[in-house]
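The values are calculated or read from the model by the stated rules, or taken from the named source; none is laboratory data. These figures come from a predicted structure and were not determined experimentally. Methodologically, a virtual Cβ is constructed for each residue, glycine included, from the backbone with ideal geometry; neighbour enumeration extends over all protein chains shown. Quick note on the areas: whole protein, heavy atoms, side chains included, nothing else; ligands and nucleic acids left out. Shrake-Rupley method; radii C 1.70, N 1.55, O 1.52, S 1.80 Å.
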Amino acid sequence: MINNPAQLTGMVLNGAHGIYDVHTDDGILRCTLRGKLKKAFAEANAAKPVGKTQQRNNKYANQTSTERVERIEKRDSTENAPPTRLSVGDYVKIRKLDETTGLIEEILPRKSELSRMDAGSTSKKLIQQTLLANLNQVVVVFATAQPEPHFGLLDRYLTICESAQLSPIICINKADLEHKSQIDDGAHLYSLLGYRVIFTSTQTEQGIDELRDLLKEHTTLFTGPSGVGKSSLVNAIEPGMAIRTGLVSDVTGKGKHTTTGSQLYPLSIGGWLADSAGIRALAAWNIPPEELAWCFVEFRPYLGECLYGDCIHIDEDGCAIRQALTDGIINEHRYRSYVRIYTGEER
Ligand SMILES: Nc1nc2c(ncn2[C@@H]2O[C@H](COP(=O)(O)OP(=O)(O)OP(=O)(O)O)[C@@H](O)[C@H]2O)c(=O)[nH]1
Ligand SMILES: [Zn+2]
């Protein structure tokens, strides 16, 4: 490809109604899609076969557990079709038109993405909505109290991160409040599973420096239930940001960017933070059932060891995961979370 001096590479920070703000070395440019790209997107989206997800699930349903594990572990962004919609976080090539505007000519392949079926999907047309592209970590925030943590819900968030192969950090905020010992036990369990667990307080500043260091040079999404202190944490990490960026109002769902999913904000220490528009969306995520057991990290060594290749680890004989549960190796609460998520029970 000829190196075109007028072409820049940038990252999409937000977008609505076909207009995107793109961060480039020349500053933020307000961009539109080039006609040719718009046409290619329209064709790709129109051609999407009906029931693609179901077909995919059926294809994988015939695989043995071992094949499934291999497939999931080998999976990378190349398995994803090239992007046919532009999302926040996408890297793009743009042609600069003048000092403040540009034309998006190409989307670069994604390294990662968080996406879900759009609420507007019908049985005839499945619409996949990418909430954020190219993020590398998710901070899942819960509180020690007010509201008390719901570990079943935490498991749900963790499986979503695992499914997207994104590393989750568990942040337990409001460490200054008096709390039950079960919460410390819970935190211990998750650190044994290999998760980074941090206790923070925006009141005493406990853990704030540690959290800030973890965000440096990364693209991070903050998520977690309402009232746990996400906005307060963002404000403690980057004073003034929540107010400056309207993070708070976005959480109410009244933010102007809710249609496109997210918005990215720069951190003064380096790195990017996504706003919390994805919070409710994350809870509505559906993990393909054949991938769910893999999303429980401690189940992985047993996948492929069950008597039946198509074992779903719920009531089959010779299930290696249930054996590990009986042996006290797999934690009962975690196993119960697996069953609840598998059977579609919300909590
Ligand atoms: N004691 C204590 N209270 C906190 C702490 N962090 C936040 N809060 C309080 O918890 C309440 C909720 O905080 P927010 O930052 O609005 O929580 P959020 O997670 O952004 O909530 P949503 O906007 O509903 O998603 C506020 O009253 C905060 O002052 C903390 O570390 N300790
Ligand atoms: Zn099994």
* Return the pairs, sorted by first residue and then second, in which the second residue is within 10 Å of ligand 2 (Cβ to nearest atom) and part of a loop (DSSP other than H, G, I, E, B), the first residue lies in region 311-333 and is of a type in the set (D, E, K, R) and open to solvent by less than 50 Å² (accessible area, probe 1.4 Å), the beta carbons are less than 6 Å apart, and the residues are 6+ apart or on different chains. => 316/308
* Look at residue 206 and say whether it is open to solvent by 70 Å² or more (accessible area, probe 1.4 Å) and modelled with pLDDT of 95 or more. => yes
* To do: Have a look at 227, 253, 240 and point out the one that is surrounded by fewer than 17 Cβ atoms within 10 Å (Cβ to Cβ), at pLDDT 85 or above and either within 20 Å of residue 175 (Cβ to Cβ) or more than 16 Å from ligand 2 (Cβ to nearest atom) (or both).
  => 227
* To do: Within region 200-229, work out how many residues are farther than 23 Å from residue 135 by Cα and of a type outside the set (Ser, Thr, Tyr).
  => 4
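Just need a number here: residues in region 73-87 that are open to solvent by less than 60 Å² (accessible area, probe 1.4 Å) and either at pLDDT 95 or above or under 20 Å from residue 42 (Cβ atoms) (or both). Reasoning before the result, please.
Going through region 73-87, the residues open to solvent by less than 60 Å² (accessible area, probe 1.4 Å) turn out to be 75, 77, 83-84, 86-87.
Going one step further and asking which of them are either at pLDDT 95 or above or under 20 Å from residue 42 (Cβ atoms) (or both), we end up with 83-84, 86-87.
Residues that pass the stated criteria total 4.
Looking only at helices (runs of 4 or more DSSP H) that fall completely inside region 287-347, which ones have 3 or more residues that are within 26 Å of the chain's Cα centre (by Cα), away from ligand 1 (no atom under 16 Å from the Cβ) and outside the structural domain of residue 164 (by TED's automatic domain parsing)?
Details: elements: 289-295, 320-326, 332-342.
The helices (runs of 4 or more DSSP H) meeting that bar are 289-295, 332-342.
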* Here are 232, 268, 262: which of them is more than 20 Å from residue 135 (Cβ to Cβ) and at pLDDT 55 or above? -> 232
* Taking residue 347, is it modelled with pLDDT under 95, more than 30 Å from residue 11 (Cα to Cα) and open to solvent by 30 Å² or more (accessible area, probe 1.4 Å)? -> yes
* Asked: Hey, residue 178 hits all of (1) in a helix (DSSP H, G or I); (2) over 24 Å from the mean Cα position of the chain (by Cα); (3) more than 19 Å from residue 233 (Cβ to Cβ) but one; which does it fall short on?
  -> (1)
* To do: Specify which of the listed residues (214, 192) is at pLDDT 90 or above and open to solvent by 60 Å² or more (accessible area, probe 1.4 Å).
  => 192
